[in-house]
Amino acid sequence: MKIWSEETEDIYRLPEIGQEEIHRIEVEIKKDLPERYKELVLQQNGGYLNVNSVLIEKGNPECIGIDHIYGAGSPGILDSPSIVKEWGLAENLLIFSGEGNYWFALDYSANTPSVIYIEQESNKLVKVANSFDSFLKNLSTTAFTDDELEMEWSQEEADKIFSGIDYALIEEVLLSFQYAENLDMKWYLTKALELSTHPNSMVREVVVSILRNNAEEVLAEADLTNQELLLKALRNLLEDPNHDIKNEAEDIKESNNINS
């Protein structure tokens with residue numbers, strides 16, 4: 001997925017940065033930045049995104065609006081300590097997006113920082129993703145509001161979309177079903193298996209993200225058919241020619257103690 005927008009007047013984009021400057025910033029903030037964040041800012045040092053929302057991994061079916069990520073510098077993540085102090089936030093947080101009194105932050109209370117969303121006035125705090133890498137995979141351009149995730153497609157409509165060539169729409173529909181009420185998990189995992197060998201790598205990236213978000217629950221259930229569908233899709237992704245997708249599949253296998 002292309003992350004950065006081609007916005008010409010981009011107030012969040014900072015001058016180009018190199019590895020040495022990134023390391024200096026890590027020393028200054030006393031935190032190791034996620035590798036994927038560092039890769040992004042080496043490509044472009046912050047700016048507007050080519051998406052408008054992120055799906056929450058766990059909990060209520062909800063997407064939250066987001067249109068930018070801070071660059072490595074100031075104004076950018078180097079301003080996080082002053083934001084944390086001004087608003088009385090936890091010192092283990094690193095703000096990487098937001099303005100006013102709402103932010104997205106990396107929570108360093110664990111070895112691998114998770115991504116959380118904070119609304120100060122309403123005291124809302126939501127865990128968005130287990131890692132920055134998972135957060136990026138759940139970014140999407142949707143027609144959903146920030147307050148609810150509306151289902152726009154039936155399974156029959158989705159089947160037609162999945163067999164088509166509109167890759168961006170395939171991604172969007174796959175993600176939209178993930179938190180649908182009364183989801184037919186057997187159908188959903190069948191689609192994930194079929195799309196796990198899709199010729200477009202962005203579609204396969206969405207599939208591996210779906211497997212990550214559902215593996216623990218599916219493997220704990222008694223439905224052996226669903227388990228087998230998930231494992232078959234995972235085996236395909238473990239052989240994926242895309243290095244990042246293959247590594248993500250390996251991580252799912254290890255974190256869920258999958259032997260096959």
Where in region 47-161 are there strands (runs of 3 or more DSSP E), lying fully within it, with 2 or more residues that are open to solvent by less than 40 Å² (accessible area, probe 1.4 Å), modelled with pLDDT of 90 or more and not aromatic (Phe, Trp, Tyr)?
-> 93-99, 102-107, 114-119, 124-129
Which residue pairs have Cβ atoms closer than 7 Å, lie 6 or more positions apart in sequence or on different chains, and pair a first residue in region 211-229 that is open to solvent by 70 Å² or more (accessible area, probe 1.4 Å) with a second residue that is not in a helix (DSSP H, G or I)?
-> Glu216/Asn256
Could you grab the pairs with beta carbons closer than 9 Å, sequence gap of 6+ or different chains, first residue in region 17-42 and surrounded by fewer than 18 Cβ atoms within 10 Å (Cβ to Cβ), second one assigned to a helix (DSSP H, G or I) and aromatic (Phe, Trp, Tyr)?
-> Glu35/Phe132; Arg36/Phe132; Arg36/Phe135
Please tell me if Ala180 is surrounded by fewer than 18 Cβ atoms within 10 Å (Cβ to Cβ) and within 20 Å of the chain's Cα centre (by Cα).
-> yes
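The rows are residues; the columns are (1) over 16 Å from Ser131 (Cβ atoms); (2) in contact with a strand residue (DSSP E or B) (Cβ under 6 Å, 6 or more places away or on another chain).
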position: Tyr48; (1), (2): yes, yes
position: Glu62; (1), (2): yes, no
position: Asp79; (1), (2): yes, no
position: Glu86; (1), (2): yes, no
position: Thr112; (1), (2): no, no
Of the numbered conditions (1) in a loop (DSSP other than H, G, I, E, B); (2) farther than 23 Å from Arg212 by Cα; (3) open to solvent by 60 Å² or more (accessible area, probe 1.4 Å), Lys2 fails exactly one; give the number of that condition.
-> (2)
Options Leu40, Leu33: the member that is in a loop (DSSP other than H, G, I, E, B), among the aliphatic types (A, V, I, L, M) and closer than 30 Å to Val207 by Cβ | Leu33
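Select from region 188-208 the residues that are open to solvent by less than 30 Å² (accessible area, probe 1.4 Å), in a helix (DSSP H, G or I) and either of a type in the set (A, V, I, L, M, F, W, C) or more than 20 Å from Gln155 (Cβ to Cβ) (or both) and list them in ascending order.
Residues of region 188-208 that are open to solvent by less than 30 Å² (accessible area, probe 1.4 Å), as a first pass: 188-189, 191-192, 195-196, 198, 200, 203-204, 206-208.
This time we only want the ones that are in a helix (DSSP H, G or I), so: 188-189, 191-192, 195, 203-204, 206-208.
Listed by number, the residues that qualify are Leu189, Ala192, Leu195, Val203, Arg204, Val206, Val207, Val208.
The values are calculated or read from the model by the stated rules, or taken from the named source; none is laboratory data. Note that the structure is predicted; figures quoted are calculated from it, not measured. Note: ideal-geometry Cβ built from the backbone for every residue, glycine included; neighbour counts use all protein chains shown. Areas reflect the complete protein model, heavy atoms only, side chains present, ligands, DNA and RNA absent. Shrake-Rupley method; radii C 1.70, N 1.55, O 1.52, S 1.80 Å.
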